[in-house]
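Asks: Have a look at this one before I ask anything.
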Amino acid sequence: MHLFVTDRFEEYKGAIKTLFSCVDTREINGENCLRMSSYAVLSKGDRVVWRDRRGRWRENVVEGIDEDHTDAGVERTHYCPNSAIEMRGDYLEDKRPGSCSAAVALASALSSSRWQVGQVDGLGTAEVNFYHTNAWQAIHDVADAFGGELRFDVSVSGSKVVSRKVSLLARVGGDAGKRFTYRTGLTSCTRQVSEEGVCTALYGWGASLETTDDDGNLTGGYSRKLSFAEANGGVKWVGDEAARAKYGRPDGKGGKAHVFG
């Protein structure tokens, strides 16, 4: 594995000499990160540039750092999402490509960033507009609108990343016809239960509206938050009875109460 580190301004810092573990996690249009454990001292904002087994270069940026002090030294685990996450800081005030192709929509979504349009498959046309958002959210809105899958590509020359591109494909990867089963072609498998709580019923709230007097002048006050009670028989929440039966809390009366969110 070819891996080196630059600082936040992309000046070369060097290679990591001792790497205890390195896990690359990628989810279609979702989590895309690298977790590394080593003795290396990296700073928030440093960039990790590496080439995978297929020869593709990747770039991740250090966001989180955990330090474990042991007799042998300080072992650090660095959480490094894909560097495309930098587009959270690229603001889009008002872009309205409207009904257009995926390539046009993606170009508009990337217009405030330094990332360029990569490969875009023919995914038809869709209505896309961006209003007071950022480029990171915008490219995911494009993927949702066209039903495509995002891929992030970088090119490296020496110790510099010289290009960064976002591709929108009908499908990332392919079907190799292989089926993974326990003890056959699968060296390990981890099952993880989410730490998040389970809600069985949800309240829905809208904005509070500014109130006016009889002449239409603003009074400086606000109405109660909008709810969907009027369209829901006067009830301000919706619940799932099957979820309540499975995940509800004891109500103290022998039954099960909703868990609200």
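Asks: Applying a 10 Å radius around every beta-carbon, put 128-139, 219-230 in order of their mean neighbour count, most first. Display every interim value, and only then the final one.
Replies: Details: 128-139: 18.7, 219-230: 11.0.
Answer by packing, highest mean first, reads 128-139, 219-230.
Asks: Once you have a ≥ b ≥ c as the square roots of the Cα gyration tensor eigenvalues for the stretch 91-143, tell me rounded if a/c is under 1.5, and otherwise prolate or oblate according to whether a/b is larger than b/c. Don't skip to the end; give the middle numbers.
Replies: Values: a/c = 2.05, a/b = 1.27, b/c = 1.62.
It is oblate, given that a/c is not under 1.5 and a/b is not larger than b/c.
Asks: Quick one: dipole size for the stretch 1-140, taken about the Cα centre, charges +1 on Lys/Arg Cβ and -1 on Asp/Glu Cβ, in debye to the nearest 20.
Replies: Working: 17 positive and 21 negative charges, 96 e Å.
For this selection, approximately 460 debye.
Asks: Debye sum, Cα scatterers, the stretch 61-121, no solvent: what log₁₀ I/I(0) at q = 0.12, 0.19 1/Å?
Replies: -0.49, -0.79
Asks: Sticking with this one: Rounded to whole Å and sorted largest first, list the principal axis extents of the Cα atoms in the stretch 1-140.
Replies: 61, 32, 26
Asks: Roll a 1.4 Å probe over the protein chains and send me the accessible area per residue for the chain in Å². Write down the numbers at each step before the final one.
Replies: Working: 16870 Å² over 261 residues.
Computed with neighbouring chains in place, this is 65 Å² per residue.
Asks: How large is the Kirkwood hydrodynamic radius of the stretch 1-71, counting all unique pairs of alpha carbons, in Å? Walk me through the intermediate numbers first.
Replies: Working: mean 1/r = 0.0767 Å⁻¹.
Hydrodynamic radius (Kirkwood, Cα pairs) of the stretch 1-71 is 13.0 Å.
Asks: For the chain, what is the charge dipole size about the Cα centre, in debye to the nearest 20, if Lys and Arg each add +1 at the Cβ and Asp and Glu each add -1 at the Cβ?
Replies: Numbers: 34 positive and 36 negative charges, 267 e Å.
About 1280 debye.
Asks: With respect to the cross-link table entries Lys236/Lys256; Lys17/Lys165; Lys44/Lys95; Lys17/Lys160; Lys44/Lys160; Lys95/Lys160, which display a Cα-Cα separation exceeding 26 Å? Can you show the working numbers first?
Replies: Numbers: Lys236/Lys256 20 Å; Lys17/Lys165 29 Å; Lys44/Lys95 32 Å; Lys17/Lys160 20 Å; Lys44/Lys160 19 Å; Lys95/Lys160 32 Å.
Beyond 26 Å between Cα atoms: Lys17/Lys165; Lys44/Lys95; Lys95/Lys160.
Asks: Now for a different question. How many percent of the accessible area of the chain is carbon or sulfur, using a 1.4 Å probe?
Replies: On the way: 7920 of 16870 Å².
Solvent-exposed carbon and sulfur of the chain make up 47 percent of the total.
Asks: For the chain, what is the convex hull (Cα atoms) projected area averaged across all directions, in square nanometres?
Replies: Values: hull surface 96.8 nm².
One quarter of the hull surface, i.e. the mean projection, equals 24.2 nm².
Asks: Moving on to the next point. Which number comes out as Rg/Rh for the stretch 133-172 once both Rg and the Kirkwood Rh are worked out on C-alpha atoms? Mind showing how you got there, number by number?
Replies: Details: Rg = 12.4 Å, Rh = 11.3 Å.
On the Cα set of the stretch 133-172, Rg over Rh gives 1.10.
Asks: Just from the alpha-carbon atoms, what are the Rg and Dmax of the stretch 105-210 in angstroms?
Replies: 20.0, 64
The values are calculated or read from the model by the stated rules, or taken from the named source; none is laboratory data. Owing to the predicted nature of the structure, the values given are computational and were not obtained by experimental measurement. In this analysis, Cβ positions are derived from the backbone assuming ideal geometry, glycine residues included, and neighbour counts consider all displayed protein chains. Areas reflect the complete protein model, heavy atoms only, side chains present, ligands, DNA and RNA absent. Shrake-Rupley method; radii C 1.70, N 1.55, O 1.52, S 1.80 Å.
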